[in-house]
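So the structure is just underneath, and the comments pick up after that.
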Amino acid sequence: MIKLGTEKELFKIKHLPINIQTAISEDIKILDDSYGKDRNIDVDMGGFVVVCNKGERLNIENFQIDFEVTEFLQAICPYVKKLYISGTERNIIIYKKQE
């Protein structure tokens with residue numbers, strides 16, 4: 001599982017397909033513009049992006065994927081992107097590999 005929340009962390013996804021890198025970069029830019037580039041993604045408002053493999057168990061504090069409602073869903077081959085709004089100002093965007 002890869003967890004990132006600001007543009008400074010985009011180096012963590014350089015091995016992913018370019019279409020996924022681009023999509024995540026756009027998501028991170030929105031989070032940075034809306035909530036600040038220097039926020040602590042584990043404590044401050046705003047949220048983060050998670051990239052995981054099919055079947056991988058997610059370890060996200062105060063978040064249980066089985067009980068959360070997906071606000072947005074998009075297929076970006078070979079991943080599925082899901083947006084969850086967990087709490088007042090916590091956006092969790094999950095890219096789960098489908099292969």
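The values are calculated or read from the model by the stated rules, or taken from the named source; none is laboratory data. Model, not experiment: these values are computed from the prediction. With ideal geometry, Cβ positions are generated from the backbone for all residues, glycine too; neighbour counts draw on all protein chains shown. Accessible surface areas use protein heavy atoms only, side chains included; no ligands, DNA or RNA. Shrake-Rupley method; radii C 1.70, N 1.55, O 1.52, S 1.80 Å.
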Quickly run through the range 44-64 and pick out the residues that are over 23 Å from Pro78 (Cβ atoms), in a loop (DSSP other than H, G, I, E, B) and open to solvent by less than 70 Å² (accessible area, probe 1.4 Å). Phe63
Hey, any hits in the range 72-83 for a residue that's farther than 22 Å from Glu99 by Cα and either touching a residue at least 24 places away in the same chain (Cβ under 8 Å) or open to solvent by less than 90 Å² (accessible area, probe 1.4 Å) (or both)? no
Output for Cβ contacts, cut-off 7 Å, separation at least six or different chains, first residue farther than 21 Å from Leu73 by Cβ in the range 23-39, second surrounded by 14 or more Cβ atoms within 10 Å (Cβ to Cβ) and of a type in the set (S, T, N, Q), reads Asp32/Thr6; Lys37/Thr6
With respect to Phe67, determine if the residue is in a loop (DSSP other than H, G, I, E, B), open to solvent by 80 Å² or more (accessible area, probe 1.4 Å), among the hydrophobic types (A, V, I, L, M, F, W, C) and at pLDDT below 90. yes
Kindly evaluate Tyr35 against the criterion of being among the aromatic types (Phe, Trp, Tyr) and within 12 Å of the chain's Cα centre (by Cα). no
Criterion first (open to solvent by 90 Å² or more (accessible area, probe 1.4 Å) and more than 14 Å from Lys81 (Cβ to Cβ)) does Lys29 satisfy it? yes
Name the single residue, out of those in the range 84-99 being in contact (Cβ under 8 Å) with a residue 24 or more places away in the chain and open to solvent by less than 40 Å² (accessible area, probe 1.4 Å), that is farthest from the chain's Cα centre (by Cα). Ser86
Matching entry among Ile20, Ile41 (being open to solvent by less than 60 Å² (accessible area, probe 1.4 Å) and in a helix (DSSP H, G or I)): Ile20
